[in-house]
1. Please go through the range 247-299 and give me each residue that is among the basic types (Lys, Arg) and part of a strand (DSSP E or B), ordered by number.
2. Mind listing just one residue for me: the one in the range 186-198 that is assigned to a strand (DSSP E or B) and among the hydrophobic types (A, V, I, L, M, F, W, C) and, of those, surrounded by the most Cβ atoms within 10 Å (Cβ to Cβ)?
3. Mind listing just one residue for me: the one in the range 199-236 that is in contact with a helix residue (DSSP H, G or I) (Cβ under 6 Å, 6 or more places away or on another chain) and outside any helix (DSSP H, G or I) and, of those, nearest to Ala188 (Cα to Cα)?
4. Tell me the residue from Asp67, Asp46, Asp63 that is under 21 Å from the mean Cα position of the chain (by Cα), crowded, with 18+ Cβ neighbours inside 10 Å, under 27 Å from Pro158 (Cβ atoms) and outside the structural domain of Lys170 (by TED's automatic domain parsing), please.
5. Do we find a residue being modelled with pLDDT of 95 or more, more than 18 Å from Val197 (Cα to Cα), touching a Leu at 6+ places or on another chain (Cβ under 9 Å) and of a type in the set (A, V, I, L, M) anywhere in the range 265-283?
6. Tell me yes or no: at least one residue of the range 89-97 is outside any loop (DSSP other than H, G, I, E, B), out of contact with any Leu (no Cβ under 7 Å at 6 or more places or on another chain), within 27 Å of Asp162 (Cα to Cα) and of a type in the set (Gly, Ala, Ser).
7. Hey, does the range 246-253 have a residue that's surrounded by fewer than 21 Cβ atoms within 10 Å (Cβ to Cβ), closer than 16 Å to Pro145 by Cα and not assigned by TED's automatic domain parsing to the domain that holds Gly51?
8. Please find, within the range 53-86, the residue that is farthest from Phe263 (Cα to Cα) out of those that are touching a helix residue (DSSP H, G or I) at 6+ places or on another chain (Cβ under 7 Å) and free of Cβ contacts under 8 Å to residues at least 24 places away in the same chain.
Amino acid sequence: MTNHVSTHQAEDDARNENILIWVNGALKPRAEATVSVYDSGFMLGDGVWEGIRLYNGAWTFLDEHMDRLFEAAKAIDLDIGMTRNQIIAAVLETQAANAMTTDAHARLMVTRGVKTRPFQHPKLSQRGPTVVIIMEHSRQKLPRPIRLATVPHLRGLPMTQDPKLNSHSKLNCILACIAAEKAGADEALMLDAHGFVNTTNACNFFIVRKGQVWTSTGDYCMNGITRGKVIDLCRANGIPVFERNFSLVDTYGADEAFLTGTFGAQTPVGMIDGRRIGDGQMGPMTERLRGLYKALVGA
């Protein structure tokens, strides 16, 4: 099986060849949007980022994304050097420069900046931070529900690299993704340090069992904003929802499974470790939640 799909698979859009990218206050054509080889993000993965999505002229849940960006920067002792309103203004400036109104995705990245020498110590990052906004026209294109494979790579404990942190250091997740692809799947299902089902390498993970929606406790995964909105929608619409520990046995026997993320919203899962989930297609609960979410974001 080589026809892999990705939760971030988008329709080809020729306009993306001519996008303008915001780099430290200047809008630059794609080919000229570069950072230094001495940049902390390039050299060490020392930085934090957010992905935000444009629907019908509005950046979805922008306040929550800004909260998370500034919390993450504080957690890694990084001074962004811009206020919240200045970051939002930069996003709006980039949007206007690219004449984007809907179905756009922005990746907002902040690194510790340019180092004086190629070594680890953060005090060597003397020029910065580096702030970049890549904004692309993007609409999800999924030919089928995705396939997951469980991998040996775990979502770590908070004292190793806290998985709640949206850092540039994604190697653990990348290795998980590679392992899943080698196993003939699209994305990796990762367990936590106790062997409970946690998340995929790129998205939060949910199952549906007997009309109940389950997701992991959130102790060992990125507490995604879309994840939180799905939990809120369940509570507001009388759908029983639980953040709890559950196992692969619970997962294989689920009626439905789906992923949540800023780009894909709610992505149906058809197969896990070669076992078909439900009838292998998008289930009724996933479809209902997609409808509720679309209404919420005004898409």
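The values are calculated or read from the model by the stated rules, or taken from the named source; none is laboratory data. Keep in mind that what you see is a predicted model, and the values were worked out from it rather than measured. Backbone-built Cβ (ideal geometry, glycine too); neighbour counts: all protein chains shown.
1. Result: Arg275, Arg276.
2. Met190
3. Asn201
4. Testing whether each residue is under 21 Å from the mean Cα position of the chain (by Cα), crowded, with 18+ Cβ neighbours inside 10 Å, under 27 Å from Pro158 (Cβ atoms) and outside the structural domain of Lys170 (by TED's automatic domain parsing) leaves just Asp46.
5. no
6. no
7. Yes - at least one qualifying residue is present in the range 246-253.
8. This residue is Arg84.
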